[in-house]
Number of protein chains: 2
Amino acid sequence: MLSNNNIKITDQFWLNYINLVKTEVIPYQWKALNDRLPDTEPSHAIENFRIAAGEKEGKFYGMVFQDSDVAKWLEAVAYILEDEPNVELEKTADEVIDLIGRSQQPDGYINTYYTIKEPDKRWTNLRDNHELYCAGHLIEAAVAYYKTTGKRRFLDIMCRYADYIYHVFGNGVGQISGYPGHQEIELALLKLYEVTNDVKYLNLSKYFIDQRGKEPHYFDIEKEKRGEKLPYWYEYGYKYSQSHLPVKEQTEAVGHAVRAVYMYTAMADLAKKTKDEQLKVVCEKLWNNVTQKQMYITAGIGSSEYGESFTFDYDLPNDTSYTETCASVGLVFWGRKMLDLQIDRKYADVMERALYNGTISGMDLDGKKFFYVNPLEVWPKASKLDHNKKHVKPVRQKWFNCACCPPNLARMIGSIGHYVYSNDSSNIFTHLYIGNDSEIVLENQKVHLSQETNYPWTGEVKITVNPELEKEFTIAFRIPGWCDHVVVKVNGEEINLEGIVKKGYVYLTRIWNKGNTIELSFEMKVKCIRANPKVRENIGKLALQRGPIIYCIEEIDNGENLPSIYLARDSELRAKYEEDLLGGIVTITADAYRLNEETWGEELYLSQLPERKKVEIKAIPYYAWCNRDPGEMLVWINEEQ
Amino acid sequence: MLSNNNIKITDQFWLNYINLVKTEVIPYQWKALNDRLPDTEPSHAIENFRIAAGEKEGKFYGMVFQDSDVAKWLEAVAYILEDEPNVELEKTADEVIDLIGRSQQPDGYINTYYTIKEPDKRWTNLRDNHELYCAGHLIEAAVAYYKTTGKRRFLDIMCRYADYIYHVFGNGVGQISGYPGHQEIELALLKLYEVTNDVKYLNLSKYFIDQRGKEPHYFDIEKEKRGEKLPYWYEYGYKYSQSHLPVKEQTEAVGHAVRAVYMYTAMADLAKKTKDEQLKVVCEKLWNNVTQKQMYITAGIGSSEYGESFTFDYDLPNDTSYTETCASVGLVFWGRKMLDLQIDRKYADVMERALYNGTISGMDLDGKKFFYVNPLEVWPKASKLDHNKKHVKPVRQKWFNCACCPPNLARMIGSIGHYVYSNDSSNIFTHLYIGNDSEIVLENQKVHLSQETNYPWTGEVKITVNPELEKEFTIAFRIPGWCDHVVVKVNGEEINLEGIVKKGYVYLTRIWNKGNTIELSFEMKVKCIRANPKVRENIGKLALQRGPIIYCIEEIDNGENLPSIYLARDSELRAKYEEDLLGGIVTITADAYRLNEETWGEELYLSQLPERKKVEIKAIPYYAWCNRDPGEMLVWINEEQ
């Protein structure tokens, strides 16, 4: 059965993750939301809604954005139901939705923190208190749920809330000319606009984007009204929430990385929907800044724990990075919207980089434990004893008090199908190589596509095309940036690519018949990747990559003190599929040497070279690290110079 | 004229620093203490004493340990007066001493914070509030002033205070069985014991050392009495003040580095004075831990800004270190006391390493600006934009709100002569090579020594011996750890060193006559130093050293992005004395290559090696960095592997 969104994932790699979301993450989170987990701090999120609905006595408990946990859970549920019906789960979701509805205030307002705790303080601290952020997540969930189930209940609730927000915010008399401290509602309103076609929501999103960072600064006005005297905690000021400048004047990614990419996602979507060329240029600049100057090779973003934030160009420390799972998930969202603005493989390359590396690294292979922070170098002793590395957990944690990452991963994985293709009236664009059955609606017809691949372990992809009618249209597909050589066959016959490749996409235009096949063969060699020499941390080092997969070395395979290992110059790089290791992965082995600690002695400093010994190193995919005995991990390996 | 301490520095290198202390640091600090500096936060330190003496109305202002600034100033003044009389300065000092005397309470207590602000709260927060610390510094100053001037006034004041403290602390009924949160009084009391011969002070010092860290923990008892509920701010608990364990059970340096080395200094002195073999073993263990596992090549100590503290073995990050000037000064104090326990060059080597590198780097060549933090790698952009590197100032600062480092440097420089020699009844030990005229009293006679050298720029030293009587005694001198080859001549005749070298010291035992000469010639080649491969930060890197001087490269000589420079394998290392550069220094030039940023392009990650270009690098002594245009600085340079 195909889903409403017309894609059914059949891919071995991703099905595994989707199943984890179904069988582990969603049930586990449901227990968490309902405080049914032993040895864990209660979430109280569902209880907050009951209290806000007047059905229970009690106090609000949790983070000010606790409601968003419920929203993200519902959104993930929607995607999972899209993949496969589940009557019981849908019933539970319906009940939660009803509860949310009952917590809605007469004017349409929904927020358990303010409703329970400070009912007369609504909208008095947009900078810190996440009301619009929670609204955004609820709207996203409502849209997803509506698209999957066709049920309007949740959507109606959220339209009512959005209408109320539309009424509250603006530059009119009596309106609040503010915007959220944590962006999210902007992208959600655009989704709401898509399903409702109500231009109010588009305009409200645009209002929040346009208003942001204007002087006099709304957060200053608001702060003065609250009588707050203390300086803002973030030493770089409103950069934290990307409100230091009007959005269209921003050229560099700054501040809290998740806020940033959520905003950029909205901006790209808005630029598309409003045909705003200027905004498109801003998006492009920011994209280039992030991906050419502030992104880790794993597609992790956010170099600093302080403010969970971007720092500055080429500042990419491996062992103290923040690189939050949510931020890389946000980068996937953003990349997808950039592709809607322009078909260029650079967007899909980053999306793929994030999907196979810095996002799923956030979850263990059992779907039971999670990283918030995804460092590229881990020394467990330092995590324990060096205050600056406290945030770099050497093992995944069960859940988090601030539980943003697991449900964010769940909704990304649940909606993985949304990232594979896009289309316009006569072109189908293939961005990702993920096994699936799909139905795509072009102007004049429907096309059924079936993709088979063993990606990311091999570069062979077979697409079977089944158009409803024999008509001319185009199927374009991306040659991944990591691939140096590709062979394309249509119905078994090799195609000359000259003149049909544009911005990394091969455009195959022809009359397609039922049962036509496209076979792609992407050369998938192990590559030694070096960073731009402006990245000081990585000078003299390399990272191993094969296909979209970034590799790392772990202590369990390679012993202690991983930085003392040097990959030998011109070493053969041996790739091998190991079925029984870490759920089935391709490992890489290579010749290396390491500095000999034993023969050095007790001295700290000597005028001699440390002795070397030959070793073989074994690397595994980064995403799969820390699924065996915990220990050191390293992505950027020293290289013989 | 020889001072009471029998040494007159004639050394060009150190005279320059002594003169800066005389002409810049002491006058400047005097202005600071009296709030006569424009554009600077007032110190209020002298004013606090006036208020405490009841001669002025006003409130206490400043840090809780503000009194110690006055104490350190007086101590530095004492050393400077020892070097050269100065009637006016001595008069000023006498007036301050009188003021301190007038602030003394009827029971002997001296502390302006408590006297003015919380007179009934004395001794209620030993953990945080530095009363005993301030007492210690005042005692040190009093001892120094007495030794220089022979005047008893200050010493008497402090003996009265010390007698009162002796009465307050102890395990008797009604006594406080506590000890200071910031060690300092322990070492000061031992100095007081030396000049007074009053065993009370020895016993009180021993009490503080022995009591420390015992269970039930005094800081817990005290905290409960204060009704404090919050957990202690330092996440590693009482390690912060080395009170996590009884002192004799400590084997690793932890916590606040300055507190640690002040305590270790006292412990070593106490071990000597009480012939405590067990304590000596503890000192030795801690010395080895610090110098073999936790010390930077500059003799900087304290890897972490958090708690200004030690972290753990081999954790020596170059760009986020704390390496406080005061901590290296404290390491000099400690090394000197270790030499009293045992003549072994390893102590003097570290002392020398600190004196020529990580201490004086704290002051600019004009004596006007100071570093608190002495990093080994500086990227000014990161200092500005990376919150984790905020404490790493890329330029020296005028003075500090918490003004510990400049006066600590001043008292170290002022007393540099105290570190050159030590002796027992028949042996003179030469630890440092610093030009001086000295008179040393052995059991049966006085010996005049005159040392001439151009150290640290050349390894030639000439010592002229003038004993009062023609008698047999021993002159021992250290062969520095950095020296591979030494030629020793007595009266022009080369000496065979076989059998007369012990723990790095050459022992020359003979009947010395007036006018005898010892000529030492230490081979002083440029050396490439590597760190123990357990120091992850320094793998693949080298540091340049010549004689005791550690080198660094600066942006002004070598351009931006210093980490992209690789020293070529087997490059010639060219040393050259440059008279007009930075007050006269030996520079080192060498062949290197650097990664070419221009030819790399815009991409962050590519499967290619960055291109290289040949360059010559120029290195200068670390202590002299940041005396020209500010910019990047690097000690550990990449090395072609």
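The values are calculated or read from the model by the stated rules, or taken from the named source; none is laboratory data. Not measured: the values here are computed from a predicted model. With ideal geometry, Cβ positions are generated from the backbone for all residues, glycine too; neighbour counts draw on all protein chains shown. SASA here: full protein model, heavy atoms, side chains in, ligands and nucleic acids out. Shrake-Rupley method; radii C 1.70, N 1.55, O 1.52, S 1.80 Å.
When its C-alpha radius of gyration is set against 2.2 N^0.38 Å (N residues), the protein assembly as shown gives a value of 1.06. Only Cα sites of the stretch B:526-639 enter the Debye sum here, all with the same form factor; the resulting log10 I(q)/I(0) across q = 0.20, 0.23, 0.24 1/Å is -1.12, -1.36, -1.44, listed in q order. Using the Cβ-Cβ distance between B:LYS503 and A:ARG628 with R0 = 45 Å, the FRET efficiency computed as 1/(1 + (r/R0)^6) comes to roughly 0.40.
For the peptides B:221-230, B:275-284, A:76-85, residues were scored by their other Cβ atoms within 10 Å and the scores averaged per peptide; the highest-first order is A:76-85, B:275-284, B:221-230.
When each of the peptides B:159-168, B:51-60 is scored by the mean number of other C-beta atoms lying within 10 Å of its residues, the order from highest to lowest reads B:159-168, B:51-60. Summary for B:GLU579: label point 7 Å along Cα→Cβ; distances to the equivalent points in the other copies, ascending, 8.1 nm. Extent along the principal axes, Cα only, for the stretch A:278-359: 35, 27, 17 Å, with the longest axis given first. Interface burial in the stretch B:355-403, defined as at least 50 Å² less accessible area with all protein chains than with the chain alone at a 1.4 Å probe, covers B:TRP379, B:LEU385, B:HIS387, B:ASN388. Going toward the positive end of the dipole of the stretch A:82-193, with +1 on Lys and Arg Cβ and -1 on Asp and Glu Cβ, which of A:ILE100, A:ILE157, A:GLY170 do you reach last? Value computed over the given set: A:GLY170. DSSP bridge analysis restricted to the stretch B:421-522 gives an antiparallel fraction near 90%, rounded to the nearest 5. Å³ per residue of the Cα convex hull, for chain B? For chain B, the hull spanned by Cα atoms encloses 169 Å³ per residue. Each other copy places its own label point for A:LYS121 at 3.0 nm from this one, sorted shortest first, where the point lies 7 Å along the Cα-to-beta carbon line.
Seen from all directions on average, the stretch A:230-404 presents a Cα convex hull projection of 10.8 nm².
Overall, the stretch A:448-534 carries a charge dipole of about 540 debye about its Cα centre when +1 sits on the Cβ of Lys and Arg and -1 on the Cβ of Asp and Glu, all other atoms neutral.
A Cβ-based charge dipole, computed about the Cα centre of chain B with Lys and Arg at +1 and Asp and Glu at -1, lands at about 1060 debye. Which of the trypsin sites (Lys or Arg not before Pro) found in the stretch A:314-413 are in a DSSP loop and have at most 16 neighbouring Cβ atoms, other than their own, within 10 Å? Loop-located and lightly packed - A:LYS368, A:LYS390, A:LYS398. Counting every C-alpha pair in the stretch B:110-246, the share spaced more than 20 angstrom apart comes to 47%. Computing FRET efficiency as 1/(1 + (r/R0)^6) for A:HIS167 and A:GLU84, where r is the C-beta to C-beta distance and R0 is 35 Å, gives about 0.35. Inter-chain neighbour count for A:597-606: the average number of beta-carbon atoms from partner chains within 10 Å of each residue's beta-carbon is 6. The label point for B:VAL441 and the one for A:ASP198, both projected 7 Å from the Cα toward the Cβ, are 9.7 nm apart.
Annotation: peptides A:435-443, B:474-482, ranked by per-residue average of other Cβ atoms within 10 Å with the highest first, follow the order B:474-482, A:435-443. Over chain A, Cα pairs under 8 Å with separation of 6+ residues give a relative contact order of 11 percent. When only C-alpha pairs under 8 Å and at least 6 residues apart count, what is the relative contact order of the stretch B:526-639, in percent? Here the relative contact order equals 36 percent. With a 10 Å cut-off around each Cβ of A:525-538, the average count of Cβ atoms from other chains is 6. Take the Cα of A:VAL487, step 7 Å toward its Cβ, do the same at A:ASP107, and the gap between the two points is 6.8 nm. Think of the stretch A:449-519 as having a plus end and a minus end, set by charges on the Cβ of Lys, Arg, Asp and Glu; of A:THR453, A:PRO467, A:VAL487, A:PRO467 sits farthest toward the positive end of this dipole.
Per residue of B:310-321, other chain Cβ atoms within 10 Å of the residue Cβ number 3 on average.
Label sites at B:LEU15 and B:ARG510, each approximated as a point 7 angstrom past Cα along Cα to Cβ, lie 2.9 nm apart. Can you list the distances in nanometres, one decimal and ascending, from the A:LYS214 label point to the identical position in each other copy, with the point 7 Å along Cα to Cβ? Relative to the other copies, A:LYS214 has label-point distances of 7.1 nm. On the beta carbon distance between B:GLU41 and A:TRP233, with R0 = 30 Å, the FRET formula returns roughly 0.85. Of the GluC sites (Glu not before Pro) in the stretch B:505-590, the ones in a loop by DSSP (not H, G, I, E or B) with at most 14 other beta carbons within 10 Å are B:GLU523, B:GLU560, B:GLU572, B:GLU579. At q = 0.20, 0.24 Å⁻¹, what log₁₀ I(q)/I(0) does a Debye calculation on the Cα points of the stretch B:421-522 give, no solvent, two decimals? Here the Debye-derived log intensity ratios amount to -1.02, -1.52.
Which one of A:ASN357, B:TYR577, A:ILE511 is farthest out on the positive end of the charge dipole of the protein assembly as shown, using unit charges on Cβ (Lys, Arg +1; Asp, Glu -1) and the Cα centre as origin? Working it through, the farthest residue towards the positive pole turns out to be A:ASN357.
Do you know the relative contact order of the stretch B:230-404, to the nearest whole percent, from alpha carbon pairs under 8 angstrom that are 6+ apart?
Rounded, it is 19 percent for the stretch B:230-404.
Using the 1.4 Å probe convention, the accessible area of chain B works out to 36 Å² per residue with neighbouring protein chains retained.
How big is the dipole moment of the protein assembly as shown about its Cα centre under a simple scheme where the beta carbon of each Lys and Arg is +1, that of each Asp and Glu is -1, and everything else is neutral? Debye, nearest 20, please.
Dipole of the protein assembly as shown, to the nearest 20 debye: 1120 debye.
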